[in-house]
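A.B. asks: So that we are looking at the same thing, I have put the structure below in structure tokens.
FYI, it's all coordinate maths here, none of it is from the lab. This is a predicted model, so every value here is computed, not measured. Backbone-built Cβ (ideal geometry, glycine too); neighbour counts: all protein chains shown.
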Ligand code: DOR
Ligand code: ZN
């Protein structure tokens, strides 16, 4: 491989992370903090983070789980339900507790049972968010059981996303963890008030990889990886440097026992190696010069925040992703690409 052997960029942020709670939070949060200055923390705990008070308490637990010298700032999100109070959301945003609110269609994914059963139920909340400039983060998959799991994002665009954007023309929306070329095209067609996060696993695997030689539960996530043509479209978008696309790992740890089960749960734990793998992808695409825009500049600009002032240096120096991360109490979590040797490393 040609190209530089070191790359210094402003410290990246993760615009989509699941940090969980309790022993799992303590085990995984330092991995995110090692790589990222800030992370948008998803609110799908049990019970979900539905109010500003719950979010402030959760923020304090996250801060306590990360050594202060790591300089990590969690950015909190509100879990929208059919009953969300627009005043509480607006107050939380005004007070700086909430950075955004998350729309989970009820039943779409892990711990989404209390999510929104129809966008009409949150029109009042969306109207208020539009007024105050608060971003809406969207898990973009329909839950209609008649729709094939590989089509749920594509169908969501037409059934839900388009009408919602038309009804709220000033609402800032992040289409989270996009997985299809249709979503890439759609985001581009809607201009700067619509952004999208792209995970590193969706840049690296397609749906065939999930079944290559047997079922790989640690490659199962939602939205599920799609065909190769979609992976290539995501690579093109991420490495374009365009302002609408930014880094969001969707790191989603689950105990190995919950993944390697008769009904294994969705989620890929990429926090131990995410920035390094994004660097690998950008390197493979001869686009290392675009990594800083994707990882460190486009996200803050979308959220109206300053980019980091500190920098990190990536170096081409192979290392092996750990097989497991231990959780107090005996559980363990398997990272994405556990046991694989990968080319880039973050310099400590
Ligand atoms: O794979 C996923 N895991 N997708 C989601 O949307 C949620 C996440 C989780 O919380 O485990
Ligand atoms: Zn997620």
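A.B. asks: With the crude spin-label approximation of a point 7 Å out along Cα→Cβ, what separation in nm comes out for residue 320 versus residue 120?
C.D. replies: Taking the simple label geometry, residue 320 and residue 120 are separated by 5.8 nm.
A.B. asks: So, by mean Cβ neighbours within 10 angstrom, what's the order for 84-95, 277-288 with the highest one leading? Write down the numbers at each step before the final one.
C.D. replies: On the way: 84-95: 16.9, 277-288: 20.5.
Most protected by this proxy first, the peptides run 277-288, 84-95.
A.B. asks: Just subtract the alpha-carbon distance of residue 21 and residue 151 from 0.36 nm times their residue separation and send over the number in nm, one decimal.
C.D. replies: Stretched fully, the residue 21-residue 151 segment lengthens by 43.6 nm.
A.B. asks: Using a basic spin-label model with each label point 7 Å from the Cα along Cα→Cβ, how many nm lie between residue 286 and residue 56?
C.D. replies: Taking the simple label geometry, residue 286 and residue 56 are separated by 5.4 nm.
A.B. asks: Write down Rg/Rh for segment 265-308, rounded to two decimals, with Rg from the C-alpha atoms and Rh from the Kirkwood relation over Cα pairs.
C.D. replies: On the way: Rg = 12.6 Å, Rh = 11.8 Å.
Rounded to two decimals, Rg over Rh is 1.07.
A.B. asks: Between residue 34 and residue 236, what's the calculated FRET efficiency when r is the beta-carbon distance and R0 is 22 Å? Round to 0.05. Write out the running numbers ahead of the final one.
C.D. replies: Details: r = 29 Å, r/R0 = 1.32.
It comes to 0.15.
A.B. asks: Right, something else. Over the Cα atoms of segment 1-158, compute the convex hull volume and normalise it per residue, giving Å³.
C.D. replies: 167
A.B. asks: Rounded to the nearest 500, what is the chain's calculated 222 nm mean residue ellipticity when only DSSP H runs of at least 4 contribute -39500 (n - 2.57) each, over all residues?
C.D. replies: Helix contribution divided over all residues of the chain: -8500 deg cm²/dmol.
A.B. asks: Moving on. Once the convex hull of the C-alpha atoms of segment 6-346 is built, how many Å³ does it hold per residue, rounded to a whole number?
C.D. replies: 126
A.B. asks: Nearest 0.05, what FRET efficiency do residue 301 and residue 70 give at R0 = 22 Å with Cβ-Cβ as r?
C.D. replies: That pair, residue 301 with residue 70, gives E of 0.35.
A.B. asks: For segment 212-331, what does the equivalent ellipsoid look like in terms of its semi-axes, each the square root of 5 times an eigenvalue of the Cα gyration tensor, given largest first in whole Å?
C.D. replies: Semi-axes from the Cα gyration tensor: 28, 18, 15 Å.
A.B. asks: Per residue, how big is the convex hull around the C-alpha atoms of segment 143-233? Give it to me in cubic angstrom, could you?
C.D. replies: 98
A.B. asks: Still on this model: Given 0.36 nm per residue, what is the gain on full extension from residue 348 to residue 162 after removing their alpha carbon distance, in nm? Walk me through the intermediate numbers first.
C.D. replies: Values: separation 186, 0.36 × 186 = 66.96 nm, distance 4.40 nm.
That pair, residue 348 and residue 162, stretches by 62.6 nm at full extension.
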